[in-house]
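One structure is given here, and the rest of the page talks about it.
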């Protein structure tokens, strides 16, 4: 093994250790403060782990007043919604990515419905003259979030891209 390839391998290992360290150092023992009084420590722990992972991937995260994790990517705001009564269930949401009018409502809703029916895990829906895209999934082991997140983002992006393609055919 050359010195150059050994250095590249070392850098990769270091980066991976930074990404996954919180998941291995605190597999289930983080004691987070319970801000709302209604959420379990499990939900707070999951929020902490997800937020740390996203930050390690260069996303700037915030926690909104509902406890959802928000971040921006490609000019769009995304949310990761956690459900306090179901620690395994979560949603990745891109709200209001497309605005429409009463005049184009039928075309937009047909396109949304077509994409929802043909794209794995992706749901598109219109509300208040804006289209929202989401991916819902179950995560039995919170340490697997780094493995699931890239695929969830791919699916969400594919759904949004298909929506724009579908609009052209309507």
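The values are calculated or read from the model by the stated rules, or taken from the named source; none is laboratory data. Treat the numbers as computed from the prediction; the structure is a model and nothing was measured. Virtual Cβ from ideal backbone geometry, glycine too; neighbours counted across all protein chains shown.
List of remarks:
- Qualifying residue in the stretch 131-146 (condition: out of contact with any helix residue (DSSP H, G or I) (no Cβ under 7 Å at 6 or more places or on another chain) and part of a helix (DSSP H, G or I)): yes
- Filtered residues of the stretch 62-104 (kept if more than 11 Å from the chain's Cα centre (by Cα), surrounded by 17 or more Cβ atoms within 10 Å (Cβ to Cβ) and not in a loop (DSSP other than H, G, I, E, B)): 87, 97, 98
- Just one of the listed residues (49, 54, 6, 109) is part of a helix (DSSP H, G or I), surrounded by fewer than 15 Cβ atoms within 10 Å (Cβ to Cβ) and either over 16 Å from the mean Cα position of the chain (by Cα) or modelled with pLDDT of 80 or more (or both), namely 6.
- Residue match in the stretch 63-74 (condition: within 23 Å of residue 43 (Cα to Cα) and in contact (Cβ under 8 Å) with a residue 60 or more places away in the chain): no
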